[in-house]
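Every read-out reported here was derived from the displayed coordinates using simple, explicitly stated rules and does not represent laboratory data. This one's a predicted model, so the numbers in the text were calculated from it and none came from an experiment. Glycine also receives a Cβ, built like all others from the backbone with ideal geometry; neighbour counts cover every protein chain displayed.
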Ligand SMILES: [Zn+2]
Ligand SMILES: [Zn+2]
């Protein structure tokens, strides 16, 4: 595939599937309750035991509009609530990722971020070069297909990762 057509599919991805959510500054109690209910259902859905830390961490991931580092998550989980042990947090995140309830994505600083968005379908990521935030983009089967079409004969993929770099809506200069 030519560079031009690769660029085109990335543009299509960005144009067709903007980052799924915009941060809502006023976090209503209803939104918190909704995230908890969803987290509970997801954890039970994999036939696992519902523990406090699993519920707290997954609810926080579901409410986030961007992928979060361990540190981001710790701050959010502990905000107005009891402290969460670092080791427990790491273990819960690994457990969520291993069970397909969240996924990891490496940021520009090579630090892993976690997200509970778009876990099942192939999707790209957006990395803001100014604030360093990482966002999951919308799922796109076309994206994976067009990237795979560029593999030479005899190569097999294990995973497709596409990252778009640029300025997020918060950092882009106002029009
Ligand atoms: Zn930004
Ligand atoms: Zn993602």
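Here each label is just a point 7 Å from Cα along the line to Cβ, and for residue 49 and residue 155 those points are 4.5 nm apart.
Summarising the label geometry, the points placed 7 Å from Cα in the beta-carbon direction at residue 131 and residue 163 lie 1.8 nm from one another.
With neighbours defined as other Cβ atoms within 10 Å of a residue's Cβ, the residues 112, 126, 155 order from fewest to most as 155, 112, 126. A Förster distance of 25 Å, applied to the separation of the beta-carbon atoms of residue 40 and residue 94, puts the FRET efficiency at 0.80. By the count of other C-beta atoms within 10 Å, a proxy for reagent exposure, 92, 129 are ordered fewest to most as 129, 92.
Hey, for a label at residue 69 modelled as a point 7 Å past Cα toward Cβ, could you say which residues of the range 93-111 have their backbone N under 19 Å away? Only 93-94, 103-111 pass the distance filter. Based on the Kirkwood radius over alpha-carbon pairs, what value in µm²/s does the Stokes-Einstein equation return for the translational diffusion coefficient of the range 31-142 at 37 °C and 0.692 mPa s? It diffuses with D of about 230 µm²/s by this estimate.
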